[in-house]
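S.K.: Would you mind keeping the following structure in view while I ask a few things?
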Amino acid sequence: MGQPLTAGDLQEFLDFLPSTVTIYPWQSTDASGAMTWASTGTSYPARIQMKNHLVRDRSGREVVARGSVYLGTSTIIGIDDKVELPVGFVPRNPPIISVMPKYDEHAILYVQLEIG
């Protein structure tokens, strides 16, 4: 088995995450289906790659994702959480289609979001 990441390895990885994305945790869904999120979010270093590609949604259906977001965190993001992209991205709050934590043999290295 390989060695765990060192602080230098981690900093090198974070250098490839030039953007900042804010995640607002889901709080509730009312009877009409309207969702509410926490008013305070958590910001993470991120790499955003916008390119249409096919992914599976939470129901297993194949859908088109508009892009991928790679978050520099080991925190698992909820699929119903709200993602806020930096200014210049349209839409700024795309839906999260899937959440995929990426592991090495020791721990979660980063979290990949597929966005609509």
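Each value in this text was obtained by applying a stated rule to the coordinates, not by laboratory testing. All figures in this text were calculated on a predicted structure; none of them were measured in a lab. Heads up, the Cβs are rebuilt from the backbone with ideal geometry, glycines too, and the neighbour counts pull from every protein chain shown.
S.K.: Would you mind ranking 17, 71 by Cβ crowding within 10 Å, fewest neighbours first?
M.R.: Ordered from fewest to most neighbouring Cβ atoms within 10 Å, 17, 71 come out as 17, 71.
S.K.: Given the options 22, 40, 75, which has the most mean-square fluctuation in a GNM of the chain, springs set between C-alpha atoms less than 10 angstrom apart?
M.R.: Of the options given, 40 has the highest mean-square fluctuation.
S.K.: Considering the chain, what Rg and Dmax in Å follow from its alpha-carbon atoms?
M.R.: For the chain, the Cα-based Rg and Dmax read 15.0, 50 Å.
S.K.: I'd like the Karplus ³J(HN,Hα) series for segment 88-104: coefficients 6.51, -1.76, 1.60, θ = phi - 60°, whole numbers in Hz, and an x wherever there's a Gly or Pro.
M.R.: x, 8, 10, x, 7, 10, x, x, 8, 8, 8, 10, 10, x, 10, 10, 10
S.K.: In terms of modelled amide H atoms, which long-range or inter-chain residues lie less than 5 Å from the amide H of residue 82?
M.R.: 24, 26
S.K.: 222 nm [θ] for the chain, helices only, -39500 (n - 2.57) per DSSP H run of 4+, per residue, to 500?
M.R.: Dividing the helical sum by the residues of the chain leaves -2000 deg cm²/dmol.
S.K.: Next question, about the same structure. Could you give the distance between the Cα centres of segment 36-52 and segment 60-116, to the whole Å?
M.R.: First find each Cα centre; the distance between them is then 8 Å.
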